[in-house]
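For reference, the structure is listed below as C-alpha cells.
The values are calculated or read from the model by the stated rules, or taken from the named source; none is laboratory data. Keep in mind the model is a prediction, meaning the values are calculated, not measured. Cβ atoms come from the backbone with ideal geometry, glycine included; neighbour counts cover every protein chain shown.
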Amino acid sequence: MSFKSLGLSAELLRAIADQGYSKPTPIQRQAIPVILERKDVLGGAQTGTGKTAGFALPLLQLLSKSSGSKVKNSIRALILTPTRELAAQVEESVAAYGKYLPLKSAVIFGGVKINPQIEKLRRGVDILVATPGRLLDHVQQRTLDLSQVEILVLDEADRMLDMGFIHDIRRILTLLPRRRQNLLFFATFSNDIERLAENLLNSPVLIEAASRNSASETIEQLVHPVDRTRKRELLTFLIGSNNWRKVLVFTRTKHGANKLTKQLEHDGISAAAIHGNKSQATRTRTLAGFKKGEVRVLVATDIAARGLDIEHLPHVVNFELPGVSEDYVHRIGRTGRAECEGIAISLVCIDERDQLREIERVLKREIPKEVIEGYEPDPSIKAEPIPHGRNNSNQRRGGDAAHGNSRNDVNSARHATRREYGARKERPQGGSEEAVARRAQNIPRKQSVKGQWSPGGRAMSKGERPSDR
Ligand code: AMP
C-alpha cells in the first residue's frame, strides 16, 4: 500500500517523499483514511510506530481543504501532549509534513518565556501543539482562543493522566466548541483512558498499531550486587577501569543526583546533574555538554531523563533501582539504540532486593548477576527500608512532571520505525524507548491493548472497551 492510495494530497505526498518515507506504517494505514472521513479515533499506539504522521497528515489535509475563522488568536487544531519535549517533536513533524501547505503551526509549553509565544499566536496559528499548563496560561491571558478548534488530538493521553493533567484537560475541553473531531492516542489502555474516551469521543473508530518486530534488542543487562555504602566507589571503579567516556547514571532523587555528581567530580570524573529542580536553560546546556563529550557522566532522575535523546549512548547505570519497575525499562532503553550496542548496569544493594525481583517479574526474566572482585557484598549487612522520599513516583506527580518534561521515550522507537519503513534520513530527535524496549522484550504495561482489537478498527459502541472484543 502506498501513501497515495490513502488519499493524501499532492503537497503532502511531496513532503512525505522529502522525509524519505516509502510506505505507510500500520498505524498510518489504519488511521489516515478514518481521520480523513472526519471520524473520532481511539488509537492504541506507542511513540515510534509512525503515529505522529498517522494523525498529522490527515489533520493537515482536512484543514487545508477549508479556510479557518477570522476570530482573533484562534486556532483550528489543538494537539495536546504531556511533555515539552514531545510537544516540540510533534510540532517539528507537523511543520515538516505541512511544509507545502499554507498552514501555520506553533508549539507552546512552560519553562520558557511566554511573550514570544504570545507574539506567535498573534500572528496567526492554525495548528497548535501544547502542553496543558501553558495552554491554560494563554487562555487566561486571553492570548489564545479555543472556540474555533475543529480537531483535537490528545497524544499520549495515558501519560497525561499519569502526570495528573486530568483537571487541566477537563478545563480545556470546556473551552472547545462542541462540534469537533477528536483523536485520542494512548500507549496503554486503562480505566482512566476508558472514562476519558467515553466523555470525549463520538462513536470512535478503534485502531491499534501492530507490534513491530524490533531488531533493537541490543541492550545487555547486568546487575552488580554491592553494599549500599560502596556504590559510588564501585561506579568510579567501573567508569575508570573500563574507560567509559559517556555514561548516563540514574538516581532516584534530585538530591541523590546532586550528591553523586559532586562525589564523582571529587573522584576526578567530570559529571553533571539533570533533574526537575534545574531550569530548562540549565538542562538544555547540561545535555548539550554531555552530548558533545564535555561531561563524561550525566546523573539524572527518571523524570528528567524522560526527555533525553542521546545518540550513541553505550552505558546506562542504575545507581539506584527505580521505585517503579516500568521506569527500569525506560531507563535501559536509553542505550542500545539505532543498532548500537548498549549495556545497562544496575548497582543493587540488599535494600533493593524486592525491587529487583519486581523488575525481573515485569521483564519475565532474570538479569545476570556479577559480583565485582573487591566489591563483594558483606553478608552481615541487613536490609534497610528505602526512605519514602526516595521513591521517584512521588516526583512524577509533583516535581519534575510539573515542568512538562519528557518527550518520553521517543527515540529508538523512531529510529527503528524509520529503518523498517525505509526513511532515508535520520532526524536527531525522538523519544519513546520505553515503548521500544517494552515491545522488544514483550513486556506488558498495565493492560496492553495488543491483540484485543481487530486491525483496521470499527466503531466502538458506548460503554464498550477494547477488552470486550
Ligand atoms: P512516531 O511514532 O510518530 O514518533 O514516528 C516514529 C519515527 O518514524 C519518526 O522518526 C518518523 O519520522 C518515522 N516515520 C513515520 N512514518 C514513517 C514511514 N512511513 N516510513 C518511515 N519512517 C517513518
Answer from L62, L78 - the residue that is in the same structural domain as E92 (by TED's automatic domain parsing), surrounded by 22 or more Cβ atoms within 10 Å (Cβ to Cβ), in contact (Cβ under 8 Å) with a residue 60 or more places away in the chain and within 30 Å of Q141 (Cα to Cα): L78
Failed item in (1) closer than 17 Å to I310 by Cα; (2) at pLDDT 90 or above, with E341 passing the rest: (2)
Pair list, Cβ under 8 Å, 6 or more apart: segment 169-182 residue within 18 Å of T83 (Cα to Cα), other residue assigned to a loop (DSSP other than H, G, I, E, B): I172/L146
Complete set of residues in segment 91-126 that are assigned to a loop (DSSP other than H, G, I, E, B) and of a type in the set (D, E): D126
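Picking from E384, E320, E373, which residue would you name as being touching a Leu at 6+ places or on another chain (Cβ under 9 Å) and modelled with pLDDT of 75 or more? Show your work before the answer.
Details: E384 fails: touching a Leu at 6+ places or on another chain (Cβ under 9 Å); E373 fails: touching a Leu at 6+ places or on another chain (Cβ under 9 Å).
Exactly one residue qualifies, and that residue is E320.
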Residues of segment 236-282 that turn out to be of a type in the set (G, A, S) and either within 22 Å of the chain's Cα centre (by Cα) or part of a loop (DSSP other than H, G, I, E, B) (or both), as a count: 7
Residue count for segment 57-86, restricted to those that are under 16 Å from E156 (Cα atoms), within 13 Å of the ligand (Cβ to nearest atom) and either touching a Cys at 6+ places or on another chain (Cβ under 8 Å) or part of a helix (DSSP H, G or I) (or both): 2
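Against the condition under 24 Å from F237 (Cα atoms) and modelled with pLDDT of 90 or more, how does L356 come out, does it pass?
On the way: under 24 Å from F237 (Cα atoms): yes; modelled with pLDDT of 90 or more: yes.
For L356, the condition - under 24 Å from F237 (Cα atoms) and modelled with pLDDT of 90 or more - is met.
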Residue, nearest to the ligand (Cβ to nearest atom), within segment 31-56, restricted to residues that are of a type outside the set (A, V, I, L, M, F, W, C) and within 17 Å of A197 (Cβ to Cβ): K51
Qualifying residue in segment 81-89 (condition: modelled with pLDDT of 95 or more and surrounded by 18 or more Cβ atoms within 10 Å (Cβ to Cβ)): no
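Based on this model, can you work out whether S203 counts as closer than 25 Å to S66 by Cα, in contact (Cβ under 8 Å) with a residue 60 or more places away in the chain and surrounded by fewer than 21 Cβ atoms within 10 Å (Cβ to Cβ)?
Working: closer than 25 Å to S66 by Cα: yes; in contact (Cβ under 8 Å) with a residue 60 or more places away in the chain: yes; surrounded by fewer than 21 Cβ atoms within 10 Å (Cβ to Cβ): yes.
Yes, satisfied.
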Neighbours by Cβ (under 6 Å, 6+ apart or cross-chain): first from segment 242-269, assigned by TED's automatic domain parsing to the domain that holds R232 and within 16 Å of V316 (Cβ to Cβ); second assigned to a loop (DSSP other than H, G, I, E, B) and hydroxyl-bearing (S, T, Y): A257/T251; A257/T301; L260/T251
When residues of segment 7-29 are limited to those that are away from the ligand (no atom under 11 Å from the Cβ) and in contact with a helix residue (DSSP H, G or I) (Cβ under 7 Å, 6 or more places away or on another chain), the one modelled with the lowest pLDDT: G7
S105 being surrounded by 22 or more Cβ atoms within 10 Å (Cβ to Cβ), assigned by TED's automatic domain parsing to the domain that holds R159 and of a type in the set (S, T, N, Q): yes
Y100, sole failed condition from (1) among the aromatic types (F, W, Y); (2) within 16 Å of the ligand (Cβ to nearest atom); (3) surrounded by fewer than 19 Cβ atoms within 10 Å (Cβ to Cβ): (2)
Residue pairs meeting the criteria (Cβ under 9 Å; at least 6 apart or on separate chains; first within 22 Å of I27 (Cα to Cα), in segment 187-198; second among the β-branched types (V, I, T)): A187/T47; A187/V449; T188/V449; F189/V449; L196/I166; L196/I169
